[in-house]
Structure formats: C-alpha cells, structure tokens
Amino acid sequence: MKQKKMTTHTDGLKKALAILDRFSPKELYAETGAKNALSDQLLQRLNFLLDDRRNMISRLERMEKELAVFRNVNAEASRMLEKKIEELSLLRLITDTTGRAIMAHDPFKPILDKVITIVGADAGLLCILNPESGRFELQTASAAGLSYPEDILVQIMEDVAGRIAPEAIPLLVDDLRADARFSDLFSRPETLRSFASFPLVVEHKSIGILIVANQHANAFDAETDRIMHIIAGQIGVTVQNALLYAEVKKTKEYLENLVERAGDAIFTLDRSHMIVSWNNGAQTIFRRDKKSAIGRSLSDVISADSASLLKQHIESIMNSENIVTTEIDVAGDNGKAAQIALTLSPIRGADGEVIGVSGIAKDISEQKRVEEELRRLNDAKSQFVSTVSHELRTPLTSIKSYVEILLHEMNALPEDTIFRYLTIMNEECDRLSTLITNVLDLQKLEAGRLQARLEPLLFADVVRVARELFHGVAVPNRIELSSEFIVPDHMTRVRGDRKRLMQVLSNLLSNAFKFAKVGGHVGICLNKDEEGVHLVVTDDGIGIPASETEKVFEKFYQVDNEITRTKGGTGLGLSITRDLIQLHGGRIWVESKEGEGCAFHVVLPPDE
C-alpha cells in the first residue's frame, strides 16, 4: 500500500515540473509581467526554481530505481517467507504424525507428498528398517505425476534404496544415466535423471531412508540439501516414535492376551477392595463371569470365611506393602470346595504409594489330590517294604527250623513226619518263589521290559491246569473248589502267553483261597460272550468295600482291616495281574459286596 502511495506522489511532481519546463524565465516573466508586473525578486525566484528542476528529476529517477530494487527484494523475501511457511507446515505435519502406529494405513504419505512439492521433485519414497528382518522395507512412495508406470518406477527406486541404505550417508546424484552405479536402472529416457537420498538417523543408527527424484538432470542444489537434512532428521524422530509406539502397543496387546488367556486367575482390586480387572482364569476358578465381577467387592465372590481372611491380608498389604501367599476354599464343581492358592501383591502408583492389590490364584485341588495320593503310595510302599521283609523272613525261618530238626533228629523221626516237614518246606519255597517273581515282574513292568509272547492257545486248557494245581490247596483247607466250562474248549481260543496266563490264574486263585471262609467255596467259570472269552473267579470271603474296588489293582494296596493284616501278602498280586491282562489286550474288574465275597472278571479278546 505504501509503495502505491509513493508512486502516485512522484508522478504528480514530475507532471508539475514538466509544465514549468515548457517556459524560459524571460517568457514566463513577459507572460506574467504583462498581467501582474512581477518584481525582479520574483524573477530571481523563478530562475532558482527552474535551475533546481533538473536536480529534482534526477533524484526522482534514482528513487524509481531504488523502488524497483525494493520491489524485487520484497518479492524474493515474500517468496522465501512462503517457502519457510511451507517448511514449517511440513515440520508441523511430521510432528502431528508422531505417535501413529507404523502399521497404520500409510501415515507418511501426506508428508512425502509435501516434501516432493517443497523440493520440486517428481517422485519420492520412504523406506523404514524392519527390526525383525533387518531389511529396509518400503513404507510409502509417490510418482503419480510421471508418464512412466508408477509401480515399475517405485520398484526401481526401491532397488536404489536397497543399494544405498546400508551406507547411511546422504547422496546426491546429478545424472543417474551417467553414474555407473545406477545407469542400468535409468537407461530409458522417460525415467528419472537425478535424485537425492538422506538416511533417517536416530542415536547414530540408520532406521530408514528418504529419496526424492526428478526427471531432469541437476535438479537439486544446496538448498535441497539443507531442507532435506532438516526434514530427514524430523522424519527420523517421527519414525522412531512410531516404531516405539507400535512396539509398546504390541507388547501391551501381548501382555493383555497373556493375562487374559492364562489358566490362573489374575485380577486387580482398588483400595476399596473392589474388583477392577478379572481375566478368563478368574471366571473359571471363582465361577463368576467378568461382567458380574468387575465393580464388586472380592468378598462377594468367595465364601464368607475366606472373605474375612482375605480382608485382613489386603489391609496388611495396603499398610505394610508385603506380598501375601495363602490358601482359600471356593465353591467348586458338584458342590465340592476347590482349594485355591492365592498370592496378593501391592500395586503402586507413580508416586510409589499403594493404590491397589493384584491377585494371582491357582486351583490346586488336583495338586492336593496328587500329593495325598503320593503320600498314600509312599506309605503303601513303606508298608510294602515292611511286608516283603516279613514275607521273606517268615518262610525262611520256617524252612530253617525244619532243616535244623531234620539235620539233628532225622533218624529218630517217623517217615510220615519227615514227609510232612519236607512238604511244608516245599510250600514255603513256593511261597518265596512267588514273592520273588512278583517283585521282579513289578520291576520289569515299571521299566517297560515285561513282554508277553502271544501265541494261539485254548484258555480252557490253562484253566484246567490251574484248577488241578489248586485242588491240593483246597482239600487241606476244607474249601470246595468248583469249575464250570459253559462253552466248548475250541470257543476259548485266544492269543496269549501260557506262562503269564497261568500266573494270572495263580494270583486270582491264591487271593480267593486266602480270603475264603473255612469250609467255604471258590468257583471258576469260563464262558464266551460278545466281548470275548470271559473268566470269573469267585469266593465267599470277606468281600471288598465298594469305595475300594478300583484301588485293589493299585501297587502295594491292600484293604485295611484286621483280616488282611492277618492273612499277609505284598499287595502286588492284583496289580501285576491287571498289567498282564492289559498286555494281552484284555481287561479285569471286580464285583463285590462287603461280607459277601468277590467275583473277579477277566475278558480276553478271542483269536478268530
């Protein structure tokens, strides 16, 4: 506006001076003298004004030149100001991009477009280092203003980035066709001629590369270098922030997923004991879904007894900041209480003050059951060692006693007495042999070395042999031994190990005779049904409580009552029998009522 006013003022002066310049002083005097009779003083004044005219015109011309220069300087300043505004706008855009996830939909595309505009480029691309692969990968590119296919051009520029990125130094190429490093990529006339690349360096490490290119040679100068250095530095910081943001987000999602999918219950409470977070494990263990748990007191989701104890622990954590580990009971499946191991820890705020409590709970019901089972098995094993010691010592003592009698009094003893002593010694040796066989078989079974040599045989033949062997046991003990073969022998064909099947029958019949009543009965029944060849061994002894029918097949287990303690035994026979039957592909179970005897069932697959 000031420039316009100055121009108008100088133009008016020049017009006025031009009018004066049309007359000489004498003519002007003659003209004015005729009318006004001007004095000599006025004439002198006019002469002075006319002499000064040329000086004034000269000054005005200089002012015009200075004004033209000022206009040019002002235009350049305006242009530079506009460029600075564009640069600041770009830096603002870069700053605004900070914090966006690097995997968002092309967050750097607007930045690249503005960079291309500011430096007067025709194309550009931004590559970012992938921390996992260690390779520079294309983040965004732009070459829409070129006639050359954009996808092919971007691919070429990616190749360039791959060649220069590892060096992590700025690079300016005035003519790509004349540069041996890149001439093979830019041989076609419609492709790019010059480019400038700048690494994105953060903490002395290159995390990306920014490239701009132009269709003309020598398109970039020192000003481009200055601008690109500033932009590359800012983009580097933005990329680093975006990468860190993405990493933090990824870690956060991973931890949240880890917590949510954990089998253990993980929850947090505020200072009022209200539930703030509640994962899937907590829903399972405490039988309370997330929606109904969050915002409620922890005491609402556990038993009253446990709630009172937990309240004390939580208050203790709030005051002393200690970690507390305890065990509580919560409602479990089928109305049974579940045993829970619970660890409570303080949660601290930014100022270090306790602002809540975190809890991790684990259902240890199964662990407790296993511990109890292991304790029981350990006790049974200890009892087994004691029993085996007794079972070994008893027959050895008996044998030794009879041997000593025979050594010292054999000539004086009647023949039938000697025979009876030898028979007892033989029975005790059999007893020792059975015990040792069971112990050795147990060792082989646990080591997986016991094998059955399966071959076709008639199970009825094995049963008959076992029946004859135990007939000698039945008579002196006044126990009736009966047998029933319901199907013909050929229908009892199985694939089995004769020796091991004999061991099965021996264990079952020994067990039946051990607990049968004096004058009682032991029965053998062999049949075939839809499942296979079916053997049943029965006795009329003390029976087994219903709660223990599954346990009798466990190692070292014996029904705990006065009769079993009197009868003795190692508790291995039925366990080994079950394993031998399983080696044959069969199964075994027992049916019993306490006080009414037992029926042991064995089913073997037929060989058809």
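Numerical summary
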{"read-out": "Length added when fully stretched, Lys444-Asp529, from 0.36 nm per residue minus Cα-Cα", "value": "27.4 nm"}
{"read-out": "For the range 271-285, Karplus couplings with θ = phi - 60° (6.51, -1.76, 1.60), whole Hz, Gly/Pro x", "value": "5, 8, 6, 7, 6, 9, 9, 7, 8, 4, x, 5, 4, 6, 6"}
{"read-out": "Length added when fully stretched, Lys381-Ile57, from 0.36 nm per residue minus Cα-Cα", "value": "103.7 nm"}
{"read-out": "Long-range amide H partners of Thr140 with built H, under 5 Å", "value": "Leu126"}
{"read-out": "Hz values of 3J(HN,Hα) by residue in the range 490-499 - Karplus curve (6.51, -1.76, 1.60), Gly and Pro given as x", "value": "5, 7, 9, 5, 9, 9, x, 9, 4, 5"}
{"read-out": "Spherically averaged projected area of the range 364-433 from its Cα convex hull (nm²)", "value": "5.6 nm²"}
{"read-out": "Built amide H within the under 5 Å cut-off of Glu480, gap 5+", "value": "Gly520, His521, Val522"}
{"read-out": "Cβ-Cβ FRET estimate between Arg287 and Lys593, R0 fixed at 41 Å, reported to 0.05", "value": "0.60"}
{"read-out": "From phi via Karplus (6.51, -1.76, 1.60), per-residue ³J(HN,Hα) for the range 532-542 in Hz, x at Gly/Pro", "value": "x, 7, 10, 10, 10, 10, 10, 9, 10, x, 6"}
{"read-out": "Long-range HN-HN contacts of Ala123 with modeled amide H, under 5 Å", "value": "Ala213"}
{"read-out": "Estimated distance in nm for a label pair at Lys499 and Asp351, the labels positioned 7 Å out from Cα along Cα-to-Cβ", "value": "8.3 nm"}
{"read-out": "Within-15-Å neighbourhood charge of Asn319 [Cβ basis; K, R +1; D, E -1]", "value": "0"}
{"read-out": "Low-density loop positions, GluC sites (Glu not before Pro), the range 166-237 - DSSP coil, at most 15 other Cβ in 10 Å", "value": "Glu190, Glu203"}
{"read-out": "Over 24 Å between alpha carbons, listed pairs Lys250/Lys311; Lys290/Lys362; Lys381/Lys499; Lys249/Lys311; Lys252/Lys311; Lys311/Lys362", "value": "Lys250/Lys311; Lys381/Lys499; Lys249/Lys311; Lys252/Lys311"}
{"read-out": "Candidates per trypsin sites (Lys or Arg not before Pro) in the range 400-506, loop by DSSP, up to 13 other Cβ within 10 Å", "value": "Arg449, Arg453, Arg478"}
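Where a number appears in this text, it was derived from the coordinates with a stated rule and is not lab data. Owing to the predicted nature of the structure, the values given are computational and were not obtained by experimental measurement. Note: ideal-geometry Cβ built from the backbone for every residue, glycine included; neighbour counts use all protein chains shown.
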